[in-house]
Amino acid sequence: MSKLPINLNDLLRQRTVEGERIEYKTGWNPDAIIRTLCAFANDFENLGGGYVVIGQDCDANGQSVFPPVGLADNQLDKIQQELLAACQLIQPLYFPVLSIEEVEGRKLIVLWAPGGQNRPYKAPEAVTANKKTWRYYIRRYSSTVEAKGETEQELLSLAARVPFDDRYNQSARIDDLSKPLMQAFLQEVGSTLAQDAPGLSVEALARQMNVAGGPTESPWPKNVGLLFFNETPERFFPGVQIDVVWFPEGAGGDRFEEKIFKGPLARMTREALSYIQRNFLRETVIKHPDRAEATRVWNFPYAAIEEALVNAVYHRSYEEREPIEVRISNEELVILSFPGPDRSIRLEDFQAGRAVSRRYRNRRIGEFLKELEMTEGRSTGIPKILKEMAANGSPAPLFETDDDRLSFVIRLPRHPLALVPPEGSPQVTPQVTPQVTPQVTPQVGMLLSRIESEMTRQAIQDALGLADREHFRKTYLAPALEQGVIEMTLPDKPNSRSQRYRLTALGQRWLAAQPGNDLP
């Protein structure tokens, strides 16, 4: 039975986990493996630990090689027994989650080593040595190294500083975790654990996903589990919500409209983004007298908004009682969250797109968001916002914080050609589309162009010529449903055999806006 919370194929191909969080071992090497497990347990950068794959080799660039070397059946029990004994040498005690997996007919042992609750951890330099010397180990990029000098002192200072999202919540119960939400997550990320989940108790499933822990007689959910897998996380964390506020007369006007989004973290974020996209994003079509091709710009590019809002969800403090606020006017879109960035990051580095955080505030939240492909992590958010604003021809975004780093503001200015023509340019005639035209990925656009009337999932997949069902679901179908450009004919029965999919009015509008399309 697989015990991994993510899809093994994605793991081996490093689609959802960075290379520095994976170590490949051709065979059983207890000394090196125990040192690496110790380093993952220490989780010095708060990245969420990592994985050791035994029986898998890699090339000179650290990429996995297929087919894997694999392990003989008679090796599996021997390795597990020796691993159990070797892990007891880690101080304090630490045991990874072990899963035996099969890839292209070869057996692998995958060790999932999440960040430990009792760091710092130390391990012997050589497990097999008669006289053992214990050292502290951490990860530096894709290598396991000994923590020395100032690094060792900093590691020791983390002893009682387990990130808030990875702590046990002793005011909640295991039953506060929703098994349907956990199963839906596993299915979305393509985890093989999804197949075994129906037969597991809530506690067993939560422990395997590392969103619960504690003694058998008194298990507790972790904060990250309540944030993602509870229908009302605001009961435990007041202020966990996204407020979207529209100022039709500008921020200084007397009128405003507000909509509040609550619920499990991923759903809340997606619903807020979908609402913003449907109601506040406008495309301006600029016709030129000297050429047939028109220029199309958006008042605010969706990709920049998505990155900025997910960044706020990822990096805000869930000990604060203040919600994330999105303030929208005709002139700018502002995202406010609490607290501000780490003091080690200079504001000028933000403006230049060079901001790199040494340590993440919410290692587990980031891990789940990355598995859901809602963020890339590794300080790529700010550069992506800058890139998307530039690609749309928009003014550069502004990043603001106060001296005490109590809050963080991202300002996305409106494109200067959106809604009104530029002064002194009579030859340019902006023509604003009267209704919202959604921005979609090329894959979603292809899906929309293939749907005729009402079609089954398999019929759409066949029309696109795609063989991989999971790739189709994650890259084509799920994003189209999230953006509201297609809908289910049986929304209350998503897994029904009679389920069909059809275009929504929004999807038809997108098709009608495409060059050469004569749809009404």
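Partner lysines whose Cα lies under 29 Å from the Cα of K287, excluding those fewer than 8 positions away in the same chain, are identified as K384, K387.
Rounded to the nearest 20 debye, what is the charge dipole size of the chain about its Cα centre when +1 sits on each Lys and Arg Cβ and -1 on each Asp and Glu Cβ?
Details: 62 positive and 69 negative charges, 128 e Å.
Result for the chain is approximately 620 debye, rounded to the nearest 20.
Excluding same-chain neighbours fewer than eight residues apart, the lysines reachable from K3 by a Cα-Cα span under 23 Å are K25, K78, K107, K179, K222, K370, K474. Per residue, the convex hull spanned by the alpha carbons of the stretch 188-328 comes to 162 Å³. For V103, nonlocal amide neighbours, meaning residues 5 or more places apart or on other chains whose placed amide H falls under 5 Å from its own, are L108. Note on A390/N130: beta-carbon distance plugged into 1/(1 + (r/R0)^6) with R0 of 45 Å gives a FRET efficiency of 0.15. Sparse packing (at most 13 other Cβ atoms within 10 Å of the Cβ) combined with a DSSP loop state is found for the following trypsin sites (Lys or Arg not before Pro) in the stretch 252-288: R255.
Counting residues in the stretch 1-95 as N, plug N into 2.2 N^0.38 Å and put the Cα Rg over that result. Don't skip to the end; give the middle numbers.
On the way: Rg = 13.5 Å, N = 95, 2.2 N^0.38 = 12.4 Å.
Normalised by 2.2 N^0.38 Å, the Cα Rg of the stretch 1-95 equals 1.09.
Dipole size of the stretch 442-512 about its Cα centre, with +1 on Lys/Arg Cβ and -1 on Asp/Glu Cβ: approximately 80 debye, rounded to the nearest 20.
A dipole drawn for the chain from +1 and -1 charges on Cβ atoms has a positive end, and of M488, Y136, L227 the residue lying farthest that way is Y136. Taking amide hydrogens as placed 1.01 Å from N in the peptide plane, the amide H of L333 sits under 5 Å from those of L412, R414, each at least 5 positions away in sequence or on another chain.
Shape class of the stretch 174-232 from the Cα gyration tensor (axes a ≥ b ≥ c, square roots of the eigenvalues): oblate, since a/c reaches 1.5 or more and a/b does not exceed b/c. Here K132 is the anchor, and the lysines within straight C-alpha reach of less than 19 Å, apart from those fewer than 8 places off in the same chain, are K122, K148. Spatially, the stretch 36-60 and the stretch 200-259 are offset by 29 Å when compared through their Cα centroids. In the chain, the DSSP-assigned H stretches of four residues or longer account for a calculated mean residue ellipticity at 222 nm of -8500 deg cm²/dmol, using -39500 (n - 2.57) per stretch and the full residue count as denominator.
Measuring nothing but how far apart in sequence close Cα pairs (under 8 Å, 6+ apart) lie, relative to its length, the stretch 115-185 scores a relative contact order of 27 percent. Sorted from longest to shortest, the spans of the Cα atoms of the stretch 442-512 along the three principal axes equal 30, 27, 19 Å. Between N299 and R282, T284, the built amide H atoms are under 5 Å apart, and every one of these is 5 or more places off in sequence or on another chain. Overall shape of the chain was characterised from the C-alpha gyration tensor. The equivalent ellipsoid obtained from it has semi-axes of 43, 28, 22 Å, in decreasing order.
Taking the empirical scaling 2.2 N^0.38 Å for compact globular proteins as reference, the stretch 119-208 has a Cα radius of gyration ratio of 1.57.
Under the convention that each Lys and Arg Cβ holds +1 and each Asp and Glu Cβ holds -1, the size of the dipole of the stretch 271-341 around its Cα centre is about 280 debye.
Based on the mean of other Cβ atoms within 10 Å per residue, sort peptides 21-34, 456-469 so the most packed one is first.
Peptide ranking by packing, descending: 21-34, 456-469.
Counting neighbouring Cβ atoms within 10 Å and putting the fewest first, the residues C87, C38 line up as C87, C38. Treating the stretch 65-145 as a set of equal point scatterers at the Cα positions, no solvent, please give the Debye-formula log₁₀ I(q)/I(0) at q = 0.14, 0.19 Å⁻¹. Debye output, listed in q order: -0.61, -1.01. Quarter the surface of the alpha carbon convex hull of the stretch 8-161 and you get the mean projected area, 9.0 square nanometres. Candidates A312, A72, Q183 compared by Cα position along the dipole of the chain: farthest toward the positive end lies A72, with charges placed on Cβ.
The numbers here are math on the coordinates, done by the rules we state, and not lab data. Quick caveat, the model's predicted, so the values are computed rather than measured. Positions of Cβ are generated from backbone atoms using ideal geometry, with glycine treated the same way; all protein chains shown enter the neighbour counts.
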